Amino acid sequence: MRLKALTTTLCGILILMLLTASVALAVEQKLVLTGSSTLAPLATEIGKRFERQNPGVRVDVQSGGSSRGITDARSGLADIGLVSRALKEEEKDLKSFTVARDGIGMIVHKSNPVRELSDRQIIDIYTGKITNWRAVGGPDQPITVVNKAEGRSTLELFLHHFRLKNSDIKAQVVIGENQQGIKTVAGNRNAIGYVSIGTAEYEASQGVPIKLLPMAGVAASVENVRNGSFPLARPLNLVTKAEPQGLARRFIDFSRSESVHDLVEAQYFVPLAR
Amino acid sequence: MAEAESLAVTRRWLPEALMTLAVWGSALLVAGIFLWLLGDLLWRGAGHLSWSFLFSSPLNAGRAGGIAPILVSTLLILGVAVAAAVPLGLATAVLLAEFLSSHSRFGRLVGLSLDVLAGVPSIVFGLFGNAFFSIFLGLGFSILSGGLTLACMVLPILVRTAEAALRAVPDDWRLAGAALGLSRTAALRHILLPAASSGLVAGLLLGVGRAMAETAALIFTSGYVDRMPSSLFDSGRALSVHIYDLSMNVAGGDGNAYASALVLIGLLILINGTSLWLAEHWLNRRILTP
């Protein structure tokens, strides 16, 4: 008897699920964005504000990396791709729209006495020619090189800036997201890594034991990314397959307008110049 | 003489003491690790936990606000996974344990494929789910895709534990059932399944635990959207994905990540407790009291 009751309940639940499912087909207007995990939280916040101003519109944001943003925008799986770097030559068939800027800075543990690294030294550390902090004026300790995983735009930007190939890099730790980089370096006195400057500045101000190193003599600060003097910076882009129309156009215009500058800053990025 | 005797006593006594120490020490270590983990979560997360955290939507990329939509999505994903995996898994286990002999070639083929599936890393299930449910079947990023992907993932655990539980029922019971003229289905319903219930529930719990902890398989199937889902076709962020995003991708999200992790563990304990209680008071009793 009880088993029968159980079966009936289960069937009831299934039918209920199917019923709710059919209601879903009545969605009005939906915009799908996929790509860069760096951009995904910002895009989600912009999307929420856009939804509030445009009733009946839904903005769905999916994360997964810039490469995925490019692929999904091309295949049409996404209306808009999220790409946290400038488009490459072979990607110029896509249209890109910058919504914010972000700087990439080198970080080391706060206790590390090294105050500055030249570009040459950074290259030598990442290619394994320098493996001890002593060689660059630090303590006699092995260097833990933290690198980003394949497909991450921070990695591509870093490689491009220092004219390196990923196969040249001898890394001890390979990480994915930005915060993971900060946590890895904060937990290892001998580590060096590169992360988004805005979040690193925020985390350092919260007492996380990391230190941003200047690059080519320019201090790694949000201010220097804003005024364009910091050498390693990237645009955060929305990309579309063709010239955007209708809802996508409106969303892109909204994302580039001043009404989202507070959201951009809340995610520790630099808004476009006014 | 006396010295030699005492040496012999020591020789007998020492391994015994070492063994006792090792057994108790290991058990304490295991319990200690769990308590440390729980203590760490409580210490850092409890301050962020409140009723409004459970019943409000996330704000500012999850740094502020609560987890209500994420909690709902998680339970829906879990519901879909269990609803799909339990009937399939139970039926397969019944086939393997009751209908086929342990030497049957087909049975071994099914068993082998299950064991291979059990060893597949979850990211592979995620990519499969994305390719099959989301794109090929056109379900898109949805709770349904996520739940069905998880169902595929927990099936091997479910089938294997259920099979073992059924096999553990003594053959005498089957024979007695047959002698009383019970049909196979009746014997299964009235004797075998209730008798195996604690094993079945244990398997279900293992599956649910794995499903709740899953991040990699869900980020590509049920997705990243943290809005309250209005149907199973909506994308919905699971708790584990939320915790991962807050701790690895959102600066300043650690507090809420700890609080969410605490909720996840609480949910797991709640589900475990309820299922164990159900197994004890409901299924088992069917056999003991006629």
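All of the numbers you see were taken from the coordinates with simple rules; none came from a lab. In this text the structure is predicted, and so the values were computed from the model without any measurement. Note that each Cβ is placed from the backbone with ideal geometry, even for glycine, and that neighbours are counted across all protein chains shown.
Karplus-based coupling profile of the range B:40-57, in residue order and whole Hz: 4, 4, 4, 4, 8, x, 4, x, 8, 8, 7, 4, 5, 5, 6, 10, 10, 8, with θ = phi - 60° in 6.51 cos²θ - 1.76 cosθ + 1.60 and x standing for Gly or Pro. From its DSSP helices (H runs of at least four residues, each -39,500 (n - 2.57)), chain B gives a residue-normalised ellipticity at 222 nm of -22000 deg cm²/dmol. Using just its DSSP H runs of length 4 or more, each adding -39500 (n - 2.57), chain A gives a mean residue ellipticity at 222 nm of -11000 deg cm²/dmol after division by all residues. Over all directions, the projected convex hull of the C-alpha atoms in the range A:102-226 averages 6.7 nm² in area. Summarised in one figure, the compactness ratio Rg/Rh of the range B:2-48, Cα atoms and Kirkwood Rh, is 1.47.
Straight Cα distances below 15 angstrom link A:Lys110 to the aspartates and glutamates A:Glu201, A:Glu203, with same-chain residues fewer than 8 positions distant left out. About its Cα centre, the dipole of the range B:51-286 is roughly 420 debye, where the only charges are +1 on Lys and Arg Cβ and -1 on Asp and Glu Cβ. Separation of the range B:15-50 from the range A:91-139 is 40 Å, based on Cα centroids.
For the residues A:Gly193, A:Gly137, A:Gly64, a GNM of chain A with alpha-carbon springs under 10 Å puts the largest fluctuation on A:Gly137.
Which residue, B:Asp234, B:Asp171, B:Asp226, tops the fluctuation ranking in a GNM of chain B built on C-alpha contacts under 10 Å? Greatest mean-square fluctuation among the candidates belongs to B:Asp171.
Here the range A:137-209 yields Rg over Rh of 0.97, to two decimals, using C-alpha coordinates and the Kirkwood radius.
Separation of the range A:238-271 and the range B:176-237, taken as the distance between their Cα centroids, equals 43 angstrom.
The alpha carbon convex hull volume per residue for the protein assembly as shown rounds to 237 Å³. The modelled label-to-label distance for the pair B:Ile135/B:Glu280, using points 7 Å beyond Cα in the direction of Cβ, is 4.8 nm.
Amide H to amide H distances under 5 Å link B:Leu59 with B:Ala64, B:Gly65, B:Gly66, where only residues 5 or more positions off or on other chains count and H is placed in the peptide plane. Beta bridges from DSSP with both residues in the range A:102-226: antiparallel share about 65 percent, rounded to the nearest 5.
GNM remark for chain B: springs join alpha carbons under 10 Å apart, and the peak mean-square fluctuation among B:Phe99, B:Phe220, B:Phe34 falls on B:Phe34.
The convex hull of the Cα atoms of chain B, projected and averaged over all directions, covers 23.6 nm². Between amide H atoms placed 1.01 Å from N, distances below 5 Å from A:Tyr194 occur with A:Ile107, all of them 5 or more places distant or on a separate chain.
Across chain A, Cα-Cα pairs farther apart than 29 Å form 41% of the total. The charge dipole of the protein assembly as shown, taken about the Cα centre with unit charges on the Cβ atoms of Lys, Arg (+1) and Asp, Glu (-1), comes to about 480 debye, rounded to the nearest 20. With R₀ set to 22 Å, the beta-carbon distance separating B:Leu37 from B:Ile123 gives a calculated FRET efficiency near 0.40. If R0 is 35 Å, the Cβ-Cβ spacing of B:Ser52 and B:Leu270 corresponds to a FRET efficiency of close to 0.95.
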